[in-house]
Amino acid sequence: MEFEEYVAARGRALERYAFVLTGDRQRSQDLVQIALLKAYRRWRQVARVEHPDAYVRRILTTSYLDWRRRRSSTEQTTGDLPEPSAEASGGGDPADQVVLRDEVLRALATLTPHQRAVLVLRHYEGYDDVAIGAVLGCSEVTVRSHATRGAQRLRAVLDPSSQPEAPR
Amino acid sequence: MNDLEDQLAGAFERLAEQAPHHADLAGTTRRRARRRRGNTLAAFMAASVAAAGTVLAVTSDRPGPSGTDIGIAASPPCQSDVTRAVLPEWARAGFSDRRPVMPFVTSASGNVVGILFGDRLSSPPRADVANKVLWVWHDLPADTTTLHATARLNGTGPAVTTGLPTPLGPSYVDLPGPGCWRLTLTWAGGKDTIDLQALSPQDAARPS
């Protein structure tokens, strides 16, 4: 398979995956470019492996984790949803409707990078724990741990009254 | 599947639908690979591009004022890409959230964003949701009194000047009809464009 053929077939899926991972338009495009650039430089070897797409996704995911790791030195995630929901505020302003719909997405922003990556691979890509572990370079046990903690975190953020959470 | 997993799957799908699309991923990758092989060649290409007055869809190593790379063709087709993400840092004034997530459109230069409080623009306006847009500039023109806006359907139709907001601060953008409208912003010594998609009230009301 030529590089152009691969990109034509899988490029859009990579863009979608990167955007779901990051929630950031610019960063997602950067990650796709980083992954494709690395793959392009050694395409002959990549094309020979059984699943070139898995290789490219692993690069993309690793780059995402690296980016989040670097960013975490200057930013702290928070469990607080900063805007009231439309229901809580009585609705009315269209901006509140946007906030309500994006509540889950904003709650996702409070996860650690590994938690988010696991949940995206599991619930968006439909990967099983073995495949997720292969992408992230960790064991199935670790994958399940990230998934469980991520889900707990989301529940706590989305419904703080139901699951009080200790400070991180 | 439990409720949270349902919500997650739905949220991821919604997010994926908003993923930006680069029309020439493979070409851009090849160009970047070549560019990194030699800065001299890259500089020559950049100079040639600038001289031609055209910016190719090549990702810049240096982000623009919005932190976004700018890829503008000489006359690209009118296409309004609504981003649903954390607003650029310089566009967050007035939001209580430190990292507000809002739908917004970005001008061709990256210097202006239009934050869509109604999510989608409707023409004619819907009865229950206004076409409220908050315009935020990274670098304001020195003389804002000369700021003027015109809109053209698909970027090529007859110019419309009446009923358009002066794109500073919040405004209600009621475009003449459904379609992609290119706003051309001019001021003393400068020009920028920003594409806005107006839907029919029925389409605008549909869940995204």
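Has region B:150-159 got at least one residue that is modelled with pLDDT of 80 or more, under 27 Å from B:PRO207 (Cβ atoms) and either out of contact with any Leu (no Cβ under 7 Å at 6 or more places or on another chain) or in a loop (DSSP other than H, G, I, E, B) (or both)?
Among the residues of region B:150-159, at least one is modelled with pLDDT of 80 or more, under 27 Å from B:PRO207 (Cβ atoms) and either out of contact with any Leu (no Cβ under 7 Å at 6 or more places or on another chain) or in a loop (DSSP other than H, G, I, E, B) (or both), which makes the answer yes.
Any residue in region B:144-162 that is assigned by TED's automatic domain parsing to the domain that holds B:ASP203, in contact with a Gly (Cβ under 6 Å, 6 or more places away or on another chain) and more than 15 Å from B:CYS180 (Cα to Cα)?
The answer is no, given that none of the residues of region B:144-162 is assigned by TED's automatic domain parsing to the domain that holds B:ASP203, in contact with a Gly (Cβ under 6 Å, 6 or more places away or on another chain) and more than 15 Å from B:CYS180 (Cα to Cα).
Those residues that are at pLDDT 85 or above and either part of a loop (DSSP other than H, G, I, E, B) or surrounded by fewer than 19 Cβ atoms within 10 Å (Cβ to Cβ) (or both), I need them from region B:163-186; list them, please.
Selection gives B:LEU175, B:PRO176, B:GLY177, B:PRO178, B:GLY179, B:CYS180, B:THR184, B:THR186.
Of the residues that sit in region B:1-35 and are touching a residue at least 12 places away in the same chain (Cβ under 8 Å) and hydrophobic (A, V, I, L, M, F, W, C), which one is farthest from the other protein chains (Cβ to nearest Cβ)?
Of everything passing the filter in region B:1-35, B:ALA23 is farthest from the other protein chains (Cβ to nearest Cβ).
When residues of region B:86-105 are filtered for being buried (at least 19 other Cβ atoms within 10 Å of the Cβ), within 7 Å of chain A (Cβ to nearest Cβ) and either in contact (Cβ under 8 Å) with a residue 60 or more places away in the chain or of a type in the set (Ser, Thr, Tyr) (or both), how many remain?
0
Report, by residue number, each residue of region B:124-146 that is part of a loop (DSSP other than H, G, I, E, B), under 19 Å from the mean Cα position of the chain (by Cα) and surrounded by 14 or more Cβ atoms within 10 Å (Cβ to Cβ).
B:ASN131, B:HIS138, B:PRO141
If you check A:ALA9 against the conditions, is it more than 9 Å from chain B (Cβ to nearest Cβ) and either in contact with a Ser or Thr (Cβ under 7 Å, 6 or more places away or on another chain) or surrounded by 20 or more Cβ atoms within 10 Å (Cβ to Cβ) (or both)?
Spelling it out, it is not the case that A:ALA9 is more than 9 Å from chain B (Cβ to nearest Cβ) and either in contact with a Ser or Thr (Cβ under 7 Å, 6 or more places away or on another chain) or surrounded by 20 or more Cβ atoms within 10 Å (Cβ to Cβ) (or both).
Under the condition of being of a type outside the set (Ser, Thr, Tyr) and facing another protein chain (nearest Cβ under 8 Å), which residue from region A:18-29 is surrounded by the most Cβ atoms within 10 Å (Cβ to Cβ)?
Checking each candidate, the answer is A:ALA18.
Identify the residue in region B:147-162 that is crowded, with 17+ Cβ neighbours inside 10 Å and small (Gly, Ala, Ser) and, among all such residues, is farthest from B:ASP174 (Cα to Cα).
B:GLY155
The values are calculated or read from the model by the stated rules, or taken from the named source; none is laboratory data. What you see is a predicted model; the values in this text were computed from it and never measured. Backbone-built Cβ (ideal geometry, glycine too); neighbour counts: all protein chains shown.
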